[in-house]
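Just below is one structure, and these are the notes that go with it.
The values are calculated or read from the model by the stated rules, or taken from the named source; none is laboratory data. Since the structure is predicted, the reported quantities are computational estimates derived from the model, not experimental observations. Cβ: placed from backbone, ideal geometry, glycine included. Neighbour counts: every protein chain shown. When the accessible area is computed, the model is the full protein with side chains, heavy atoms only, and any ligands, DNA or RNA have been set aside. Shrake-Rupley method; radii C 1.70, N 1.55, O 1.52, S 1.80 Å.
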Amino acid sequence: MPAIPVGGLVPRAVEEAAENAADVVVRNAKIHTGDARRPQAGALAIRDGVITVVGDDPDVAPAIGPSTVVVDALGRRVVPGLNDAHLHVIRGGLNYVLELRWDGVPSLRRALAMLREQAARTPRGQWVRVVGGWSAEQFAERRLPTPAELNEAAPDTPVFVLHLYQSAILNRAALRAVGYTRDTPDPKGGQIVRGRGGEPNGMLLAAPSALVLYSTLAKAPVLEGEDRATSTRHFLRELNRFGLTSAIDAAGGFQSFPENYATVTRLAREGLLTLRIAYHLFPQTPGQELDDLTRWIETVRPGDGDAWLRLNGAGENLTWAAADFENFAEPRPELGPYEGEFEKAVRLLTEHGWGFRLHATYDETIRRDLAVFEKLAAEGLFPAGNRWLFDHAETVSRDSLDRIAALGGSLSVQNRLSFQGEVFTRRHGVGAAAEAPPIRAMLERGLTVAAGTDATRVSSYNPWVALHWLVSGRTVGGSAIRPPQNRVDRATALAMYTTAGAALTGEQDVKGVLRTGCYGDLAVLSEDYFTVPEPEIPSIESLLTVVGGRIVHAAAEYEGMDEELPPVSPGWSPVAHFGGYQASGRTSGAGARQAELLGEVVAESQLHHRWRVARGLADEHHQPFDPCFLL
């Protein structure tokens, strides 16, 4: 075995350099390859976007030429690039720089301070919007902000705060901006909460449909022109920050094709994507779904595109009537008859080689959908070799899992209950929450089960929060919802975030593992995912992310090795001042964390007292009422 110089690997002389010299070499690493044939390695080489060598330092030495970028991992853990199997990345990118992110913020006090500061710099006509990625349970105070607090923080600037799929909170300026008055009727499936005299008080409730929340948000100003591209590029870099190298875009409401896909299409054409995107198409207009699907089938085909941007099928809705809702604070919705149009849509897609994904929260919906599939299967028409899957499936039954397996389906699960676990438990009980969703039962049946976040309007886009939920069964508030028998080990969870996602797009032979001939997609982690204490998994980030041999994110010792981005625009953007996910560093021990939370609550109590004093509801120099304290 050839020796390695003490100073590390050195490039060969120019005249000795072979034409197959690597573009990037990662050495001195603890590589988890995800490949059963060689699970561990110490080094690898990438050329022309593809892995050419996997081994140890001596194995990659011949691949190093004068232009090879040699990355010393300093003994850190390296994993295959992560793949979020259900991420609204296209919609998220178009809005990213406009949003104040509360993802990872530990207290409501801090969140409101951020909001107050942002309101002061937001120009007239623009909004401050907090759109998903957080839960009241993550705050030390364990509560939502009130409309009064939003009014105090931003008396003149419209503020919209979305809380999961459950509610939104608006200040008075936002109510004026959207035109909600005492005469505004409640929309179907939603409620405008009213105070004295019938005037809206600032609360909107999904009851159970979230349409009222999203249609209100849709009234806010949007980005135009070059700002859309800049916003998307910064969002992709933010995802790269956590080791994401691929995502399956689940489409969604208010994401129209082709106009809302134009930005990622342009970035792909210019070679500026830093995340591989497989996207879906979602009919936007109720009653027009079949017309839209027919039009798309005549225009594009699944698999069209390349390794960076490709169509993966239809969904996550095929027809609006077949979609259930996931406001777990409300009872399960009773859907009307939808099978007729739904069957036509599935038949149309299957006959033309289109796969699809289906939003289905409850087993009642899944059973009805499966009955349609089984009818078509009896005719020999389903699945006809097409990939299809259910998303979410929090209450799917064992019987339904058996039927999914028999029909060749897959599943994509998200950590929505790490943000909504407490409210789900209150509504459906401890037993149901323990099985929401029944991940181990899915895996025991040999089903492909991929993992994702459903970011950005529900869960955070941080994949390590989702991986922590898969492994620990705990919510962001620390509640243990899922017992050990419905959790998975760390290697299985990582496979759900790598190889399983690749299988959903038919790329399992080239993506999700670090093996010769596969894409050169990897992340050098800040902490060793396999050994770091379980509570610290959400604090992991990538220090170096590589996609197809390109270094797309670099931090710490590697700072400056990544590609330069244009500045965040507009300059008043919350992202320009706060960034995205609010990392709090390594999690403290239980005792220290308890003291930190108590400190936050004490500070909140002091603010509450000052608020009461300002309104004459308390004495600034109040005396204790218990005479024992006066002795």
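Summary table below
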read-out	value
Cβ-Cβ under 8 Å pairs, at least 6 apart or on other chains, segment 551-573 side over 21 Å from ARG129 (Cα atoms), far side open to solvent by 60 Å² or more (accessible area, probe 1.4 Å)	ILE551/MET561; ILE551/GLU563; VAL552/GLU563; ALA554/GLY560; ALA554/MET561; GLU557/LEU74
Qualifying residue in segment 446-453 (condition: over 24 Å from PHE242 (Cβ atoms) and either of a type outside the set (S, T, N, Q) or touching a Phe, Trp or Tyr at 6+ places or on another chain (Cβ under 7 Å) (or both))	yes
Any hit, segment 448-463, residues being in a helix (DSSP H, G or I), modelled with pLDDT of 95 or more and on the phi < 0 side of the Ramachandran plot	yes
Among residues of segment 355-365, those that are within 8 Å of ALA393 (Cα to Cα), in contact with a strand residue (DSSP E or B) (Cβ under 8 Å, 6 or more places away or on another chain) and not in a strand (DSSP E or B), counted	1
Entirely in segment 40-137, the strands (runs of 3 or more DSSP E) that have 3 or more residues that are open to solvent by 40 Å² or more (accessible area, probe 1.4 Å) and within 17 Å of THR516 (Cβ to Cβ)	none
Neighbours by Cβ (under 7 Å, 6+ apart or cross-chain): first from segment 313-329, of a type in the set (Phe, Trp, Tyr); second in a loop (DSSP other than H, G, I, E, B) and surrounded by fewer than 23 Cβ atoms within 10 Å (Cβ to Cβ)	TRP320/PRO286; PHE325/PRO208; PHE325/SER209; PHE325/PRO333
Residue under evaluation THR587, criteria (1) at pLDDT 95 or above; (2) touching a helix residue (DSSP H, G or I) at 6+ places or on another chain (Cβ under 7 Å); (3) of a type in the set (S, T, N, Q), criterion not met	(1)
Sole residue being closer than 19 Å to VAL89 by Cα and among the aliphatic types (A, V, I, L, M), chosen from ALA278, ALA345, ALA322	ALA278
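Matching residues to (1) at positive phi; (2) in contact with a His (Cβ under 7 Å, 6 or more places away or on another chain); (3) in contact (Cβ under 8 Å) with a residue 60 or more places away in the chain:
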site: GLY75; (1), (2), (3): yes, no, no
site: VAL79; (1), (2), (3): no, yes, yes
site: ASP84; (1), (2), (3): no, no, yes
site: LEU87; (1), (2), (3): no, no, yes
site: ILE90; (1), (2), (3): no, no, yes
site: ALA111; (1), (2), (3): no, no, no
site: ARG116; (1), (2), (3): no, no, no
